[in-house]
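What follows is a set of notes on a single structure, which appears directly below.
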Amino acid sequence: MSSPGGWYSSPTQVYCACCALLEGRTNDHRTEFREVRGWRLAASCHRLKSRYGRRILCDLHRTALRFPPSARALAAEGEA
């Protein structure tokens, strides 16, 4: 069920995600759930980026991802 504004993440979740980013903390789903009982960290980051123009940096390495068979070529592109 969505909130009255059509968002699936509450203002509290968005606030906590923004606060973590401003403090330079790395945020993950476990932290999101523990601090605000939220499980939609990606939704909060998307809202901060699309609605408020926040720049979101990501520590994601292609080698740590599991790709479906149809997208395995994407993993090899990051190695070059």
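For this structure, a couple of remarks:
- Condition met for D59 (out of contact with any Pro (no Cβ under 9 Å at 6 or more places or on another chain), under 28 Å from L74 (Cβ atoms), exposed (fewer than 13 other Cβ atoms within 10 Å of the Cβ) and touching a residue at least 24 places away in the same chain (Cβ under 8 Å)): yes
- The residues of the range 36-76 that are assigned to a helix (DSSP H, G or I) and touching a Ser or Thr at 6+ places or on another chain (Cβ under 8 Å), listed by number, are V36, A43, S44, R47, A75.
- Odd one out for G38, checked against (1) of a type in the set (G, A, S); (2) surrounded by 13 or more Cβ atoms within 10 Å (Cβ to Cβ); (3) modelled with pLDDT of 85 or more: (3)
- Residue list for the range 19-33, restricted to those being within 13 Å of R54 (Cβ to Cβ) and outside any helix (DSSP H, G or I): N27
- Test: residue in the range 57-69 that is within 22 Å of T12 (Cβ to Cβ), within 15 Å of the chain's Cα centre (by Cα) and at pLDDT 80 or above: no
- Condition met for Y8 (outside any helix (DSSP H, G or I) and at pLDDT 85 or above): no
The values are calculated or read from the model by the stated rules, or taken from the named source; none is laboratory data. Quick caveat, the model's predicted, so the values are computed rather than measured. Cβ atoms come from the backbone with ideal geometry, glycine included; neighbour counts cover every protein chain shown.
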